[in-house]
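Values in this text are rule-based calculations from the coordinates and carry no lab data. What you are looking at is a predicted structure, and each value in this text was computed from that prediction instead of being measured. Note that we place each Cβ from the backbone using ideal geometry, even for glycine, and neighbour counts take in every protein chain shown.
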Ligand code: SAH
Ligand code: SF4
Ligand code: F3S
């Protein structure tokens, strides 16, 4: 473990060092974990789940770095392990429960090591059972309590930046008679984290930018509203200011984040400057959206941050995850009109059968979904569409599953993230029978993946013979097939929905094909296609023009034609 000496600056005149200056520990479990003034633990963050969790982990790492803790190379080397959990399916929680024994062994070998569990597995309603399910954990923090991490560990002492001592205390609220966490303090704690440079971004190429926390939808299978609380939008100007900062820091790609990123703004106060916004929702619960900022307005504002060449300073602007209720014409027009907004939309469909959609509480029909898609495909020709699908939800018949396969055949998604239904505690669907047997769920999942493999391959083949701008993310392998670097490198990020690397594409074969010193590189096109090609490792972080000469179902392969094009051009 790395021990860092803390250099104490002299106290201002009139003040004496007193134990009272250290805030009392709130949890009994951490009361013994008082800060040792002379040493700070090194930390390791294990992040599971979605991009929102990855962004939250960047804030937590930033807090710990700000108080003087150093990063540890692995969990085994760390004095402090932060586990940022996902609870969307049972498997995600089980993965962390399965590591409890290893963590307990590490703690026995190295007394003083502490484990903090944060993220969506920490739900207020189930707090009493957490210690039993996660016995190696010393401190549990709900997602909205994460800004208190350093404070709760007793690490935010008089030396810490002001914001760490003054975090807003999180509130708990009740949704449908159940206590859930609320994200009230998150917008302001993000603002202070940014002003104090306390967000440790895990990449220098691509930045996350949370714009709305929580979820107001009521999909019957989903735990997210119970873990993340109701929707809370960050102030419009704060987001634009953060985007400007990201632009100034040289990032090429910015991804706006929210569980329902396109319902951004409805909870903010109406303002005269947004009087031109009067969009009505075309499905779902009615909301008064008049004179409130929306995602379209944000896209336009960020797209118009221009450099000296008159082009958007951030050449690639993405947003995830969108909900079909809130895919307004205004948003579609903004996507079509903003040069920096990429030609990719992730729009979860969940099922292709109207009765299943209703049982899932999605409150739209297949025809509503396809109408929105037709509209966006007309406005942004060739846009890549990805989606999420759940198979084997309560009562799903074989015909209803076939309806989903038919919808996939008609819509032709570029990518599908599919999962078998997993009952989650406290969700409304627990009142329905989970009556699709596990082997049928598995069979349907495999059948769906086989259908999508064909469709994905056909979509990808359309790129053969075309040039695409690839933002190079990482070196995949050197000549003898050894992995040399993976970007982002720091946290052990595990995405439940991670795409498999395409087995058909022989990545190692690429190394060396573009001359001495070249390695296998991987990056993304604006359409979010994974592209493999060979080139100089110094190209990581640059946009490179690649001529596509091979397509597999999950990725493309090609050769660099012009290593350094000007950034931000739409693909032909
Ligand atoms: N806010 C996004 C998705 C968040 S969760 C949306 O509305 O689409 C990410 C995905 O996990 C969901 O799209 C859904 O396909 C899947 N998912 C959520 N709950 C699940 C459950 N109980 N079982 C299986 N998959 C689930
Ligand atoms: Fe879950 Fe539905 Fe909210 Fe998405 S919109 S996070 S699936 S409740
Ligand atoms: Fe994300 Fe998983 Fe939570 S998908 S919002 S980390 S339940």
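Segment residue 559..residue 241, full-extension length gain: 110.7 nm, with 0.36 nm per residue of separation and the alpha-carbon distance subtracted. Between residue 195 and residue 549, take the C-beta separation as r, use R0 = 45 Å, and let me know the FRET efficiency to the nearest 0.05. Given R0 = 45 Å and the Cβ-Cβ separation, E is 0.40.
Here the label points at residue 104 and residue 447, each 7 Å from Cα along the C-beta direction, are separated by 4.2 nm in the simple model.
Per-residue extension of 0.36 nm, minus the Cα-Cα distance of residue 133 and residue 462, leaves a gain of 113.6 nm for this segment. Ranked by the mean number of other Cβ atoms within 10 Å of their residues, highest first, the peptides 468-475, 231-238, 103-110 fall in the order 468-475, 231-238, 103-110. Subtracting the Cα-Cα distance of residue 358 and residue 39 from their residue separation scaled by 0.36 nm leaves 109.3 nm.
Separation of the stretch 104-123 from the stretch 263-338 is 41 Å, based on Cα centroids. A Förster radius of 25 Å, combined with the Cβ-Cβ distance separating residue 77 from residue 97, puts the computed FRET efficiency at roughly 0.65. Model label sites at residue 126 and residue 273, defined 7 Å from Cα along the beta-carbon direction, differ in position by 4.2 nm. Here is the P(r) of the stretch 296-365: all C-alpha pair distances, binned every 5 Å from 0, give 3, 15, 22, 18, 13, 10, 8, 5, 3, 2, 0 in whole percents. With the convex hull drawn around the C-alpha atoms of the stretch 191-277, the volume per residue stands at 132 Å³. The simple Förster model, with R0 at 41 Å and r as the Cβ-Cβ distance, assigns residue 440 and residue 306 a FRET efficiency of 0.15.
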